[in-house]
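Everything on this sheet refers to the single structure shown next.
No value in this document is a laboratory result; all are computed from the given coordinates. Treat the numbers as computed from the prediction; the structure is a model and nothing was measured. FYI the Cβ positions are ideal-geometry reconstructions off the backbone, even for glycines, and counts take in every protein chain you see.
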Amino acid sequence: MTSGVPPQAIVTGGTSGIGFAIATALIDAGFEVTATGLTDEQVAAVVPRPRLSAVKLDVTSPASVAAVLAPFDELGALINCAGIIFRNGAEYDIETFQKVIDVNLTGTMRMCVGARPKLAAAQGAIVNAASMLSFFGGPSIPAYTASKGGVAQLTKALAVAWAPEGIRVNAIAPGWIATELTRGLVEDADRSAAILARTPMQRWGAPEDVGGVAAFLCSPAARFITGAILPVDGGYAAV
């Protein structure tokens, strides 16, 4: 990596929620970050700040992935946070199931494979977005559950395969994090109480709780960590 030049990072799904918190944490850690969103509206919603840019990306499109990666000679970090979920049993429809897998799992693989030579050039790190559903069954969201189980195993496979190139590959597994996507649960007193009763730390997580962990995994402090699936869940998975 060129001396004096900030390391480059891409955060897919980085325009809001957990992805944006990770982008912010990486900027604070010294990275220059490109956050991606699926739509023009998502990109436009990103508040400008130094060392942050936002671009459109469809992780299901090889052409879109190639276009986003093309400007980079080296990448210090790739964070795969782009993802979708369909609730209330909708994922039992096979076309919907396949769509979720294509975004959450295959989309992660597309980004990893495309970025591989750029990460190798910088001895960079990948952090994938797994989930507590990588460990537990989600009866109403089978595609999301399958995709996140797949992300966990993909992370381990790539960690072993790419270690000789100096690329570290880890994943974070967020628990119940208060974001726009979980607003309904946070505001539902009964369901929120049930979640907190199972969470030893007795609170909802904040996106910043996840951001700091992702930044750590991309830092020199984590230089001997690869193939790890790190829960960020207030102890939920330990119960």
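Residue by residue, segment 123-130 carries 3J(HN,Hα) couplings of 6, x, 10, 10, 10, 9, 9, 7 Hz when phi is fed to the Karplus relation 6.51 cos²θ - 1.76 cosθ + 1.60 (θ = phi - 60°); x denotes Gly or Pro.
For the pair segment 112-173 and segment 186-239, the centres of their Cα atoms are 17 angstrom apart.
Packing here is the average count of other Cβ atoms within 10 Å per residue, and on that basis the peptides 23-34, 190-201, 92-103, highest first, run 23-34, 92-103, 190-201. Computed from label points 7 Å out along Cα-Cβ, the spacing between Glu95 and Glu32 is 4.3 nm.
All other residues whose Cβ lies under 15 angstrom from that of Glu41 are scored, Lys and Arg at +1 and Asp and Glu at -1, for a net of -2. Remark on segment 116-177: ratio of C-alpha radius of gyration to 2.2 N^0.38 Å is 1.26.
Model label sites at Ala221 and Val5, defined 7 Å from Cα along the beta-carbon direction, differ in position by 2.7 nm. In this simple spin-label model, placing a label point 7 Å from the Cα along the Cα-to-Cβ direction at both Thr39 and Ala194 gives a separation of 3.0 nm. I'd like the FRET efficiency for Ala161 and Thr182, computed as 1/(1 + (r/R0)^6) with the beta carbon distance as r and R0 of 22 Å, rounded to 0.05. For Ala161 and Thr182, the calculated efficiency is 0.05.
Within the shell of other residues whose beta carbon sits under 14 angstrom from the beta carbon of Gly234, the net charge comes to -1, with Lys and Arg scored +1 and Asp and Glu -1.
Summing Lys and Arg as +1 and Asp and Glu as -1 over all other residues whose Cβ lies under 15 Å from the Cβ of Gly17 gives a net charge of -3.
Kindly express, to the nearest 10 degrees and within the range 0 to 90, the angle between helix 189-198's C-alpha long axis and the longest C-alpha principal axis of the chain. Rounded to the nearest ten degrees, it is 70.
3J(HN,Hα) along segment 142-150, derived from phi through the Karplus expression 6.51 cos²θ - 1.76 cosθ + 1.60 where θ = phi - 60°, amounts to x, 5, 4, 4, 5, 5, 6, x, x Hz, with x in place of Gly and Pro. Largest GNM mean-square fluctuation across Ala189, Ala171, Ala77, computed for the chain with C-alpha springs under 10 Å, falls on Ala189. Please state the shape class of segment 1-74: rounded when a/c is under 1.5, otherwise prolate if a/b exceeds b/c and oblate if not, all from the C-alpha gyration tensor. Oblate shape, in that a/c is at least 1.5 and b/c is the bigger or equal ratio.
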